[in-house]
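No value in this document is a laboratory result; all are computed from the given coordinates. Worth saying up front: this structure is predicted, and the values here are computed from it rather than measured. Every residue, glycine as well, gets a Cβ built from its backbone with ideal geometry; the counts of neighbours run over all protein chains shown.
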Amino acid sequence: AVLMTLPGTVRADRHMPTLPMAEKPDDGMYAQEWLYKSSLDLRRDLAATEKEGKRLVIFWEQVECPNCTSMYEINLRIPRLVEKIKKNFNVIKLDILGERQVTGLDGAVLAEKDLASTNKIYYTPTLQFLPDSLELAAGGKDGVSEVFRPEGYFKPYHFYFLFHYVQSKGYESEPSFQRWLAVIGKDMQARNITYDLW
């Protein structure tokens, strides 16, 4: 595969139709209709998500976050990428500086900002992919157990495979996402498949 970044303005619709841009409600953070309506009790959310046969992921964001804006303006307007997420994941959005009370997987109730601090969430966006069951989450420290945590902005190609990595439980055989993705890249190269990171 040929890895390259094309010059010029990056557009989510360069190769395909795009979804409408997300709205910004009064809280100043982007919203998507398909985001999971969280109970703000991660135990309940995880149990409900498990019943649906999906995985639970937390999007940690904040107001005036340029990388969060890029995620919404580019990645989350690509239909194929959004459909993959909606089909296989429930996404909860939490504010790294927020005041809402959240019950962690250990039953402790903390403000969003305190849960973020306790779990060493320092950057936005940060994605926390949780285990696929409460049983597997047992023993996770500080109220949140995770199987994978990517931080910062990822181009659409990498962003898509972040979700595939968790969906396919690639982390069980290869703890390094970069090494796991390199194998996919080599497979594409062997098949003469070219791709654009955007």
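Just a few scattered comments:
- Database remark: amide H of T126 closer than 5 angstrom to the amide H of W60, G152 (H placed geometrically; neighbours at sequence offset of 5 or more, or on other chains; Pro and chain starts carry no H).
- Residue range of the chain that is longest and free of trypsin sites (Lys or Arg not before Pro) which are both DSSP loop and sparsely packed (at most 15 other C-beta within 10 Å): 38-99
- For F148, the residues 5 or more places off, or on other chains, whose built amide H falls under 5 Å of its own are F129.
- The phi torsions of region 119-136, fed into the Karplus equation with coefficients 6.51, -1.76 and 1.60 and a -60° offset, translate into couplings of 9, 6, 8, 10, 10, 10, x, 10, 10, 10, 8, 8, x, 8, 7, 5, 4, 6 Hz, rounded to whole numbers, with Gly and Pro shown as x.
- Using a cut-off of 24 Å between Cα atoms, the listed pairs K24/K54; K54/K93; K86/K169; K37/K87 include K24/K54 as exceeding that distance.
- Within region 59-152, chymotrypsin sites (Phe, Trp or Tyr not before Pro) in DSSP loop having at most 16 other beta-carbon neighbours inside 10 Å: Y122, Y123
- Put a dot 7 Å past the Cα of A108, heading toward its Cβ, do the same for K84, and the two dots end up 3.4 nm apart.
- Scanning residues 5 or more positions from L56 or on other chains, those with amide H under 5 Å from its amide H are N90, L130, with H placed 1.01 Å from N in the peptide plane.
- Loop-located GluC sites (Glu not before Pro) across region 34-81 with a Cβ neighbour count of 11 or fewer within 10 Å are E64, with loop assigned by DSSP.
- Alpha carbon Rg of region 83-136, scaled by the compact-globule rule 2.2 N^0.38 Å: 1.23
- Chain lengthening between D196 and E52 when straightened (0.36 nm per residue, less Cα-Cα): 48.6 nm
- Under the Karplus curve 6.51 cos²θ - 1.76 cosθ + 1.60, θ = phi - 60°, whole-Hz ³J(HN,Hα) for region 91-97, x wherever Gly or Pro sits: 10, 9, 9, 10, 9, 4, 10
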